[in-house]
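Report on the following structure.
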Amino acid sequence: MNIVAESRSITVSPRKVRLVADSVRKLPLAKALHALTLAQKRAARPIAKTIKSAIANAVNNNHLSEDSLKLVSVEVMEGPVMKRYHASTRGRIHPYKKQTSHIRVTLASVEKPKAVKPAQKKAEKDESEEE
């Protein structure tokens, strides 16, 4: 089961957010959050907030434990671009763009298989043969 959380229209350029997202994409959930608290990038805070939101969705809505969650993907998409202008000399203007980002975090629950003792395997095998 996949759990998704999104943050939309974050006022950080997508290229800058991708730098931080790439650094935590392959990490376990606890290590990813710890790395984001130590990262000295402005994009680290919204990514951490989105991951915490996804964890809260899993715990509250789907009744999963926090320990059984795994970070599947961190996607960064381009958001709307605000066009702005800076006044210049001689009545001219210099245009610039304020870029925004959308962040989507996907978590999955990892079910740990129960350890089956050899005695249980033998009992299950005997039951299947009797039928």
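Only Cα pairs under 8 Å and at least 6 apart count here; give the relative contact order of the stretch 2-130 as a rounded whole percent.
Numbers: 199 pairs, mean separation 46.2, N = 129.
The normalised contact order for the stretch 2-130 reaches 36 percent.
Considering the zone a paramagnetic label at Met82 would reach in this model (a point 7 Å from Cα along the Cα-to-Cβ line), which residues of the stretch 90-107 have amide N under 19 Å from it?
What the label zone holds, given the 19 Å backbone N cut-off, is 94-103.
If packing is taken as the mean number of other Cβ atoms within 10 Å per residue, what is the order of 91-98, 34-41, highest first? Spell out each step's value before the answer.
On the way: 91-98: 9.2, 34-41: 13.0.
Descending packing order for the listed peptides: 34-41, 91-98.
Using 0.36 nm per residue, how much length does the chain from Ser68 to Lys16 gain when fully extended, once their Cα-Cα distance is taken away?
Value of the extension gain: 15.7 nm.
Where Rh is the Kirkwood radius over the Cα pairs of the stretch 1-119, the temperature 20 °C and the viscosity 1.002 mPa s, what D in µm²/s does Stokes-Einstein return?
Roughly 133 µm²/s, to the nearest whole number.
Which entries in the list Lys52/Lys98; Lys49/Lys98; Lys31/Lys97 go over 29 Å, if you measure between the two C-alpha atoms of each?
Result: Lys31/Lys97 exceed 29 Å.
All of the numbers you see were taken from the coordinates with simple rules; none came from a lab. Just so you know, these numbers come straight off a predicted model, no measurement behind them. Virtual Cβ from ideal backbone geometry, glycine too; neighbours counted across all protein chains shown.
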